[in-house]
Amino acid sequence: MFLETIAPLDAGVYASYSWLTSLIDWQSLGCPIWNAQWHSKDDFKGYAWQYTDSLMIGGKQFDGNIIYGG
């Protein structure tokens, strides 16, 4: 399996909520899932959630992410 060849690098899948729920068989992958759902709540609750691409910090724009697992 690919993930075993790059160990100990922790890899996962980053995708939009719509891709995760309709196009990707994420259950069979067995890796962390990073949900990109620009919304006020996370409907997926994977390893991480990107809730915006326009978080302003110190006058600079960043992606806003929350990491649940560690």
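When only residues in the range 35-63 that are among the polar types (S, T, N, Q) and touching a strand residue (DSSP E or B) at 6+ places or on another chain (Cβ under 6 Å) count, which is farthest from Val13 (Cα to Cα)? The residue in question is Gln61. Step by step: first the residues of the range 21-49, then only those that are exposed (fewer than 11 other Cβ atoms within 10 Å of the Cβ) and among the hydroxyl-bearing types (Ser, Thr, Tyr), then the one that is nearest to Phe62 (Cα to Cα). Which residue is that? Selected residue: Ser40.
The single condition among (1) in contact with a helix residue (DSSP H, G or I) (Cβ under 9 Å, 6 or more places away or on another chain); (2) assigned to a strand (DSSP E or B); (3) among the small types (Gly, Ala, Ser) that Gly64 does not satisfy is (1).
Filtering the range 50-70 to residues that are hydroxyl-bearing (Ser, Thr, Tyr) and exposed (fewer than 14 other Cβ atoms within 10 Å of the Cβ) leaves Ser54, Tyr68. Just give me the residues in the range 1-29 being modelled with pLDDT of 90 or more and assigned to a loop (DSSP other than H, G, I, E, B), in sequence order. Within the range 1-29, Leu23, Ile24, Asp25 qualify.
The values are calculated or read from the model by the stated rules, or taken from the named source; none is laboratory data. Note that the coordinates shown come from a computational prediction; the quantities given were computed from them, not determined experimentally. Note: ideal-geometry Cβ built from the backbone for every residue, glycine included; neighbour counts use all protein chains shown.
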